[in-house]
Amino acid sequence: QVQLVESGGGLVQPGGSLRLSCAASGFAFRIYPMAWYRQAPGKQRDLVATITRSGTTNYADSVKGRFTISRDNAKNTVYLQMSSLKPEDTAVYYCNTQVVGIYYWGQGTQVTVSS
């Protein structure tokens, strides 16, 4: 079955960096687009970044120039490199894909940006 497992979250000071990873299994990872979403307390889940199977990327305006999504098809892993982090980036970050019309989510990883 499709599984997505995020890791790499934690507590970081404003201006710091983190790299999130999402290990995928149970489907042909290399042919599917992947995405990162985030959900802050009391708010809806928002799209952060997407990457197509060919590596084309797209970002929410709020993270452009600070976050970079990438994928390693040999490792079935998608990454989110986050730099210049702000307190408003604090959220649970989720990995996502859609396979045969079904959306799949990981369990999420908490990112807290605070001094």
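Heavy-atom surface analysis with a 1.4 Å probe gives the chain a carbon and sulfur content of 48 percent of its accessible area.
Averaged per residue, the range 25-115 has 53 square angstrom of accessible surface, using a 1.4 angstrom probe with ligands and nucleic acids left out.
Semi-axis lengths, largest first, of the ellipsoid equivalent to the chain are 23, 14, 13 Å, with √(5λ) applied to each eigenvalue of the Cα gyration tensor. Identify all lysines with a Cα-Cα distance to residue 43 below 29 Å; exclude those on the same chain that are fewer than 8 residues away in sequence. Cross-link targets: 64, 86. Using the beta-carbon distance between residue 115 and residue 1 and R0 = 35 Å, what value does 1/(1 + (r/R0)^6) give for FRET efficiency, to the nearest 0.05? So the FRET efficiency works out to roughly 0.30.
The values are calculated or read from the model by the stated rules, or taken from the named source; none is laboratory data. Just so you know, these numbers come straight off a predicted model, no measurement behind them. A quick note on method: Cβ atoms are made from the backbone with ideal geometry, for glycine too, and the neighbour counts reach across all protein chains shown. The area values use the complete protein model at the heavy-atom level, side chains included, leaving out ligands, DNA and RNA. Shrake-Rupley method; radii C 1.70, N 1.55, O 1.52, S 1.80 Å.
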